[in-house]
Amino acid sequence: MKAADFDYFCAVSIPEACRLLAGANGEGRIIAGGQTLVPLLAMRLARPSLLVDINRIADLRGITLSDGAVTIKACTTQADALASDVVRKHIPLLAKALGHVGHTQTRNRGTIGGSLANADPVAEICMAALALDGQILSHGPKSKRTIPCSEFFRGAMTTALAFDECLTAVRLPIWGHTGRVGSSFQEMSIRRSDFALVAAAVQASFDDEGICRHLAIVVGGCGPTPTRASAAADRLIGTRIEEPDLAEATRLLRETIAPQSDPHASADYRRRVAGELVTRAVLEARREAMGTA
Amino acid sequence: MSHHHITLTVNGRPHKSQVPARLTLVDFLRDVLLLTGTHTGCEHGVCGACSILLNGKPVRSCLIFAVQADGMDIVTVEGLAPEPETLSILQDCFWETHALQCGFCTPGMLIAVRALLAENHSPSEEQIREGIGGNLCRCTGYKPIVDAILLAAERMRRSNAGASDATAG
């Protein structure tokens, strides 16, 4: 359970990190918080020849509010994001998701960007970013680009990033102008803060009459990437989310997701739990939005 | 293989060393500095036995390489007591309520609780269970550990109140 040998370089700038990765011909890996990568190294499931440490690049830390979005730089720790007033006030869904991410000790090292780049199918941060229509900002050896989260997650632990590209930030739009907004994050795991079997992230907005105007539903643990439950959301938009609407929406959800069976839970169990968690999340988001307990 | 020079502070004492890149911080503490109070359990970030304070915050020392801790300030379980041969209030409460049996998880527990009580002087039982959620204990069933933390929080509050009374007086 010790990592195999590797070369280590602590980058001082983003271009330098990209240059080092490009020079390693695909054998290099970025290390940020290391909360997933170091176990993979210890178990020899990953065996890069070069680790490029981006923790000391000052330009990769911080949370800013501008142009109707919250931008979180890649090496911002999960603990700092969770403690951020800007996050709590403007993108509370992310704060709710972060409460389920690991433990104090891992949140103190684990980063927002690291979790996104790792793209675990049940990672709460990835789910919240997709639900909020987040955009990934990245930096390659020659150019920068912006990738919508809907195109960023390509498969389990696989993203649109090239081997010499560094994720620099995520931009999360604020639903400020869309009426009464509520959000909820629900998760089922064997132990609290363990990997989720199934999770649901929901953000909804309602008009003063209580009619749902916008709704984002994302489920995790129901496929190789976080999955948008568009059919279920479309069924609920324009309604007051009464009992029959919810029953119909969760039926659509169960039909459209394709979870896998594994030793922890069967596909059928995951499908049923996903329906229940989405129901709870939508109702909690509505309670929050309409201010009725 | 890459080797790196590092300088860091452990329990108030500065150390200089040369380390291979793949050496984890917990192995550096135990095998190089011979501070064996910090335990290696799972070595992949699950059990919490290797918890230390890194720049004042609790982290798992099996999930950081020693080279990454260059320039940082570290507190291990050996640094919790005010002086040699004594126990901190927290350690004393663990002893008093039988919050350990085999003792393997204890150094990590103490570090996690030190951080918790620094931020929250009167945690609820639920907050305590959340605070030690990243530390596994296979002996106690956690109840005596929670009792120790409640007792320690109360004694620390009283001791702080006494200290400020003394200052005020």
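The values are calculated or read from the model by the stated rules, or taken from the named source; none is laboratory data. All values reported here derive from a predicted model rather than from experimental measurement. No Cβ is skipped: glycine too gets one built from the backbone with ideal geometry, and neighbour counts run over all protein chains shown. Remember, those area values only see protein heavy atoms, side chains included, never the ligands or the DNA or RNA. Shrake-Rupley method; radii C 1.70, N 1.55, O 1.52, S 1.80 Å.
For every residue, the table says whether it meets (1) at negative phi; (2) modelled with pLDDT of 95 or more.
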position: A:ILE217; (1), (2): yes, yes
position: A:GLY223; (1), (2): no, no
position: A:PRO226; (1), (2): yes, yes
position: A:ALA232; (1), (2): yes, yes
position: A:ILE241; (1), (2): no, yes
position: A:GLU248; (1), (2): yes, yes
position: A:VAL273; (1), (2): yes, yes
position: A:ARG280; (1), (2): yes, yes
Taking region A:103-131 and keeping only residues that are assigned to a loop (DSSP other than H, G, I, E, B), under 27 Å from B:ILE52 (Cβ atoms) and open to solvent by 20 Å² or more (accessible area, probe 1.4 Å), one is left with A:HIS103, A:ASN108, A:ARG109, A:ASP120
- Message: Given the criteria in contact (Cβ under 8 Å) with a residue 24 or more places away in the chain, under 23 Å from A:ASP120 (Cβ atoms), buried (at least 18 other Cβ atoms within 10 Å of the Cβ) and under 22 Å from the mean Cα position of the chain (by Cα), does A:THR227 qualify?
- Response: yes
Filtering region A:57-69 down to residues that are farther than 22 Å from A:GLY28 by Cα and not in a loop (DSSP other than H, G, I, E, B) yields A:ILE63, A:THR64, A:LEU65, A:SER66, A:ALA69
Within region B:58-93, residues being closer than 14 Å to B:MET109 by Cβ and surrounded by 18 or more Cβ atoms within 10 Å (Cβ to Cβ) number 8
The correct count of residues that are surrounded by fewer than 20 Cβ atoms within 10 Å (Cβ to Cβ) and assigned to a loop (DSSP other than H, G, I, E, B) in region A:70-82 is 0
- Task: Determine, yes or no, whether B:THR76 is within 17 Å of the chain's Cα centre (by Cα) and either under 24 Å from A:ALA42 (Cα atoms) or at the interface with another protein chain (Cβ under 9 Å from one of its Cβ atoms) (or both).
- Result: yes
Quick count over region A:28-45, residues being without any contact (Cβ under 8 Å) to a residue 60 or more places away in the chain and more than 7 Å from chain B (Cβ to nearest Cβ), is 6
Log entry, pairs with first residue in region B:1-16 being free of Cβ contacts under 8 Å to residues at least 12 places away in the same chain, second being open to solvent by 40 Å² or more (accessible area, probe 1.4 Å) and assigned to a strand (DSSP E or B), beta carbons closer than 8 Å, six or more apart or on different chains, reads B:PRO14/B:THR7; B:LYS16/B:HIS5; B:LYS16/B:THR7
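Residue-by-condition table, conditions (1) at pLDDT 95 or above; (2) among the β-branched types (Val, Ile, Thr); (3) surrounded by fewer than 21 Cβ atoms within 10 Å (Cβ to Cβ):
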{"site": "A:THR168", "(1), (2), (3)": "yes, yes, no"}
{"site": "A:LEU172", "(1), (2), (3)": "yes, no, no"}
{"site": "A:GLY176", "(1), (2), (3)": "no, no, yes"}
{"site": "A:PHE185", "(1), (2), (3)": "yes, no, no"}
{"site": "A:ARG191", "(1), (2), (3)": "no, no, yes"}
{"site": "A:ASP194", "(1), (2), (3)": "no, no, yes"}
{"site": "A:VAL202", "(1), (2), (3)": "yes, yes, no"}
Condition set of a type in the set (Asp, Glu) and over 25 Å from the mean Cα position of the chain (by Cα), scope region A:244-261, selection surrounded by the fewest Cβ atoms within 10 Å (Cβ to Cβ): answer is A:GLU248
Being farther than 17 Å from A:ILE136 by Cβ and modelled with pLDDT of 95 or more narrows A:THR71, A:THR77 down to just A:THR77
The correct count of residues that are β-branched (Val, Ile, Thr) and open to solvent by 10 Å² or more (accessible area, probe 1.4 Å) in region A:28-40 is 2
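Please specify each residue of region A:83-102 satisfying the condition of being outside any loop (DSSP other than H, G, I, E, B), touching a residue at least 24 places away in the same chain (Cβ under 8 Å) and within 13 Å of chain B (Cβ to nearest Cβ).
If we filter region A:83-102 for residues that are outside any loop (DSSP other than H, G, I, E, B), which is where we start, we get A:83, A:85-90, A:92-98.
Among the residues that remain, those that are also touching a residue at least 24 places away in the same chain (Cβ under 8 Å) are: A:87, A:90, A:92-94, A:96-98.
Correct list: empty.
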If we keep only residues of region A:1-27 that are within 13 Å of chain B (Cβ to nearest Cβ) and not in a loop (DSSP other than H, G, I, E, B), then the residue most open to solvent (accessible area, probe 1.4 Å) is A:PHE9
Note on A:ARG145: of the conditions (1) away from chain B (no Cβ under 14 Å); (2) outside any loop (DSSP other than H, G, I, E, B); (3) of a type outside the set (Gly, Ala, Ser); (4) open to solvent by less than 30 Å² (accessible area, probe 1.4 Å), unmet is (4)
A careful count of residues in region A:46-56 that are within 11 Å of chain B (Cβ to nearest Cβ) and outside any loop (DSSP other than H, G, I, E, B) gives 3
Filtering strands (runs of 3 or more DSSP E) wholly in region B:1-66 for at least 1 residues that are among the β-branched types (Val, Ile, Thr), within 9 Å of chain A (Cβ to nearest Cβ) and in contact with a Gly (Cβ under 7 Å, 6 or more places away or on another chain) gives none
